[in-house]
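The values are calculated or read from the model by the stated rules, or taken from the named source; none is laboratory data. For clarity, every value in this text was computed on a predicted model and none was experimentally measured. Note: ideal-geometry Cβ built from the backbone for every residue, glycine included; neighbour counts use all protein chains shown. SASA here: full protein model, heavy atoms, side chains in, ligands and nucleic acids out. Shrake-Rupley method; radii C 1.70, N 1.55, O 1.52, S 1.80 Å.
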Amino acid sequence: MAESRDTFIGEMLVDQDIISSEKLHELLTERAARGGSLLDLVLAGGDVDESKLWKAVAQEMDLEYFEKIPLDSIDGGLLKKIPISFAKSNRLVPLSEEPEGVRVACANPFELGALDAIQAIVGRPVVPVVAAADAILEAINEVYERSTEGDELGDKETADEEELTDLIDADDEAPIIRWVNSLFFEAVKRRASDIHIESLEREVSVRYRVDGVLHAAKRAKKAFLPSIISRIKILSKLNIAEKRLPQDGRISLKIAGKTIDVRVSTVPTSQGERVVMRLLDKQSVLHDVSDLGFWPDHYQLFHGLIRRPHGIILVTGPTGSGKTTTLYAGLSQINTPDKNILTVEDPVEYDIEGIGQVHVNPKINLTFLAGMRAFLRQDPDVIMVGEIRDRETAEIAIQASLTGHLVLSTIHTNDAPGALTRLVEMDIEPFLVASSMIGIQAQRLVRVLCPFCKERFEPTEEQLLELGIQPGEDPYRLPPQPADPIYRAGWRNLKAVTPLEPGRVVLNRAVGCDECMGTGYKGRTGIYEMVMMTDNIRQHVLRNVDSNTIKKIAKADGMLNLREDGVRKVLTGVTTIEEVLRVTHEDA
């Protein structure tokens, strides 16, 4: 029977010009020697477009063919009868119940064993339709995820039988496991960066941080909190018996083909334990410096800094402001075979080929300081240290920069000028700060307007004043020429933004649609301020002046602050007034 089927398939593939007669003869000879099916041999060769092959099979067998499966037509009741593991391993998904039988999309309609199994499960005839394997896997990930979203935890009385005494050995049908898995599925679907699980007085609340803003997502009865926390602790290899102390752990997951690294933090509160999980997509594409949202003047300044042979570059801002992403983008741009680049990070968020990356581990005393000391014996050209947290790390970073290395790092201050005084407050001598520092960049992330639903409007006088634009002033003109030559090269490349009508200011605002999940925003970009170590600023750092004085001097030299860079992005329709005001101070 198998031979006659292969003969039919072979003749069909030749008739459809998918393979030649000579190739068919080779494959049949190989099948006779090695066994297996003709289709497997055809696909294993890699010379045939799989979607083209199955489209031809469907046409020959007079079956319906789908390039993309319509998800709205899938019957949720059928999904509950077919385990996801069976659907994935056999590359099929049930679609709907019809008078003639159950329609099932499959990648290989000749896999009769799998189709017979479904017929036995549902108790009705199976009507196969053909779809590309990728389309089937995409549909499985989407529809099974959707079906778990409704698996809310029931009453405590009905759940007592599924207590966490058996949680480690429980299969994927356990309610707690389904509920926790649905948190991760939904987080990836929404592009969330963090999951917050909080214990309230009467219930458990789950919130997702999407594009920097928290959104309420799910709720469960308070009685299920210990089971939820225990499940997460088991996944992250934490001590489930310890509920009095904070714990940190990690989880590696594969969701819809993506490898996700999850950093887990638990903290005991008066209402019960609280969990925050940071999601890192290990397959995320590294950003190029040109994709970070720099305007030409800032781009040219940063581009020049990362090509300096030595000195310290600091990126500053609050947690979640994209500091590490900026440093990675800079390293990727200068990552060439002639440079030895080493990093010490907590954690290593992206794996970059050609760069030596060390993950800190305080348990064995592998700290930022210990990593930096070891690096100096590794003949580096460029060193990146995740964060300067103390005087010792700052001193060794300065030592490295003064001995001919380029050092990149982050520090927590509100603005760029504040980083200089922060180092002095760490008991670093002002002359060392002045001689080693070459540039400090402060940044924030603002949400980008959804291109599908944003709408134009004319702002009121009050809204313009909030942005620092005086009535009657033309905000589209170029900023004044910088006083210091170091800022001028980038400034010359700036292009004035031309408004729709001269003298008329037209901005954009968020609306909300299905594409942006009703938020009005999709993705984020950066706003920046850059302090270059001009001679003027070095002289004042040596005199140990305060950060406000340094800010005034930097402004006089040509620095644009965070608010001013944000205004440029509002005027060009990238973001909104509300976003810029949300992340910047009035005097920023």
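Would you mind giving the average projected area, over all directions, of the Cα convex hull of the stretch 210-363 in nm² with one decimal?
On the way: hull surface 49.5 nm².
Average of the hull's projected areas for the stretch 210-363 equals 12.4 nm².
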Please list log₁₀ I(q)/I(0) at q = 0.20 Å⁻¹ for the stretch 354-464, using the Debye equation with identical point scatterers on the alpha-carbon positions. -1.11
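To the nearest 0.05, how large is the calculated FRET efficiency for E425 and N536 if R₀ is 25 Å and r is the Cβ-Cβ distance?
On the way: r = 22 Å, r/R0 = 0.87.
With R0 = 25 Å, the Cβ-Cβ based efficiency is 0.70.
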Descending principal axes extents, the stretch 464-515, alpha-carbon based, whole Å: 47, 31, 22
Taking every alpha carbon pair in the stretch 279-367 and sorting the distances into 10 angstrom bins from 0 up to the bin holding the longest one, the percent per bin comes out as 14, 46, 34, 6, 0
One would report the Cα pair-distance distribution of the stretch 224-265, bin width 10 Å, in %, as 28, 51, 19, 2
Check the chain for me: any Cys whose beta-carbon has no other cysteine beta-carbon within less than 4.7 Å? C106
Probe 1.4 Å, all protein chains present, accessible-area order of T393, T319, largest first: T319, T393
Calculating mean projected area of the Cα convex hull in nm² from this structure picks out, from (i) 32.7; (ii) 24.9; (iii) 35.9, entry (iii)
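Please work out whether the stretch 301-419 counts as rounded, prolate or oblate from its C-alpha gyration tensor, where a ≥ b ≥ c are the square roots of the eigenvalues and a/c under 1.5 means rounded, while otherwise a/b larger than b/c means prolate and anything else oblate?
In terms of gyration-tensor shape, rounded.
Among 14-24, 192-202, how do they line up from the highest to the lowest mean number of other beta-carbon atoms within 10 Å?
Numbers: 14-24: 14.1, 192-202: 17.1.
Answer by packing, highest mean first, reads 192-202, 14-24.
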If you wrap a convex hull around the alpha carbons of the stretch 320-371, what volume per residue comes out, as a whole number of Å³? 86
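Using a 1.4 Å probe on the protein chains only, how many percent of the accessible area of the chain belongs to carbon and sulfur?
On the way: 13750 of 28420 Å².
That share works out to 48 percent.
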Using alpha-carbon coordinates, inclination of helix 133-149 to the longest axis of the chain, degrees: 80
Have a look at the stretch 465-588 and give its Rg and Dmax from the Cα atoms, expressed in angstrom. 17.0, 56
Using packing as a proxy for protection, rank 326-332, 442-448, 267-273 so that the peptide with the highest average count of other Cβ atoms within 10 Å comes first. 442-448, 326-332, 267-273
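With a cap of 13 neighbouring Cβ atoms within 10 Å, and only residues DSSP puts in a loop, list the GluC sites (Glu not before Pro) found in the stretch 395-490.
On the way: sites: E395, E425, E455, E461, E462, E466, E473; in loops: E473.
Qualifying residues, ordered by number: E473.
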Could you tell me how many degrees, from 0 to 90 and to the nearest 10, lie between the Cα long axis of helix 225-235 and the main elongation axis, the longest principal axis, of the Cα atoms of the chain? 90
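In terms of the ratio Rg/(2.2 N^0.38 Å) built on C-alpha atoms, what value belongs to the stretch 426-486? Walk me through the intermediate numbers first.
Values: Rg = 19.6 Å, N = 61, 2.2 N^0.38 = 10.5 Å.
Working it through for the stretch 426-486, the quotient is 1.87.
As a test of reading the structure, rank E11, E345 by solvent-accessible area (1.4 Å probe, protein chains only), most first. Please report the intermediate quantities before stating the final value.
Numbers: E11 105, E345 5 Å².
Order by accessible area, largest first: E11, E345.
Note down the relative contact order for the chain as a percent, whole number, built from C-alpha pairs under 8 angstrom at least six residues apart.
Values: 981 pairs, mean separation 53.1, N = 588.
Over the chain, the number comes to 9 percent.
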Pairs of Cα atoms under 8 Å, at least six residues apart: use those to get the relative contact order of the stretch 459-588, whole percent. 27
For the chain, the dipole about the Cα centre with charges only on Cβ (Lys and Arg +1, Asp and Glu -1), to the nearest 20 debye, works out at 2220
Under a 1.4 Å probe, what is the accessible area of the chain per residue, stated in Å²? 48
Nearest 10, in degrees from 0 to 90: the angle of helix 2-15 to the longest Cα principal axis of the chain is 60
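For L200 and T259, what is the calculated FRET efficiency with R₀ set at 30 Å and r taken between the beta-carbons, to the nearest 0.05?
Numbers: r = 33 Å, r/R0 = 1.09.
That pair, L200 with T259, gives E of 0.35.
With the convex hull built on the Cα atoms of the stretch 173-234, state its orientation-averaged projected area in nm².
Numbers: hull surface 17.1 nm².
Taking the Cα atoms of the stretch 173-234, their convex hull projects to 4.3 nm² on average.
Over the stretch 363-492, calculate the relative contact order: mean separation of alpha carbon pairs under 8 Å at least 6 apart, over the residue count, as a percent. Walk me through the numbers before you get to the answer.
Working: 86 pairs, mean separation 21.0, N = 130.
Value for the stretch 363-492: 16 percent.
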